[in-house]
1. Under a crude label model (7 Å from the Cα following the beta-carbon direction), how far is residue 10 from residue 104 in nanometres?
2. Scan around residue 21 for amide H atoms under 5 Å from its own, H built in the peptide plane at 1.01 Å from N, and keep only partners 5 or more places away or cross-chain.
3. Taking the chain, how much of its Cα-Cα pair set, in percent, is spaced more than 19 angstrom apart?
4. Suppose every Lys and Arg Cβ carries +1 and every Asp and Glu Cβ carries -1, with no other charges. What dipole size does the chain come out with about its Cα centre, to the nearest 20 debye?
5. Quick one: angle between helix 73-82 and the longest Cα principal axis of the chain, in degrees between 0 and 90, rounded to 10, please.
6. Calculated FRET efficiency, residue 50 and residue 96, Cβ-Cβ r, R0 25 Å, to nearest 0.05?
7. If packing is taken as the average count of other Cβ atoms within 10 Å, what order do 82-94, 12-24 fall into, highest mean first?
8. Provide the net charge surrounding residue 60, with neighbours chosen by a C-beta distance below 14 Å and charges set as Lys +1, Arg +1, Asp -1, Glu -1.
Amino acid sequence: MCAPAIARALASPGDLAGHTLLHAVGFETGWPQWLGAAGAADILERTTALLADTTATVLELAAHGSGIAMGRSGFIDALLTEGRLQAPFDLCLDTDEAFFLVRLPGGEARTDAAAFWDWMAGQAA
């Protein structure tokens with residue numbers, strides 16, 4: 001995912017050479033796997049990496065033209081619809097990574113925490 005102006009300059013995965021690739025820490029699947037699947041693994045050493053602590057930060061950096069991000073489908077739909085980000089390539093990777101919603105067993109949750117739990121569970125469904 002990247003800003004539309006950057007997307008227009010990317011005709012093939014090899015065009016990522018010289019660009020900043022944005023990474024969200026904590027994810028196993030990332031640029032090395034994507035570039036390998038795209039047949040462009042050799043360009044990784046010709047890119048700059050920028051790490052951020054959250055996917056939200058990575059996507060905002062990408063939307064502002066600070067680099068190119070990988071996006072999890074659940075996080076990017078609104079940004080794509082709004083036109084803030086574009087996907088320059090169609091290649092998607094499956095991942096075994098997942099998110100979990102957990103809470104301590106027993107006891108009553110605060111009203112706001114219970115409402116958040118219900119909302120998150122509904123979003124996941």
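1. A separation of 4.4 nm, rounded to one decimal place.
2. 48, 49, 50, 68
3. Details: 4195 of 7750 pairs.
That fraction is 54 percent.
4. On the way: 6 positive and 15 negative charges, 53 e Å.
Charge dipole of the chain: 260 debye, to the nearest 20.
5. The answer is roughly 70 degrees.
6. Working: r = 25 Å, r/R0 = 1.01.
Once rounded, the FRET efficiency stands at 0.50.
7. Numbers: 82-94: 13.4, 12-24: 17.3.
My ranking of the peptides, most packed first, is 12-24, 82-94.
8. Values: positive: 84; negative: 53, 82.
Counting the neighbours of residue 60, the net charge comes to -1.
Quick note: the coordinates plus some simple rules give every number you see, no bench work behind them. Everything numeric here is computed off the predicted structure, so don't read it as measured data. Every residue, glycine among them, receives a Cβ derived from its backbone with ideal geometry; neighbour counts consider all protein chains shown.
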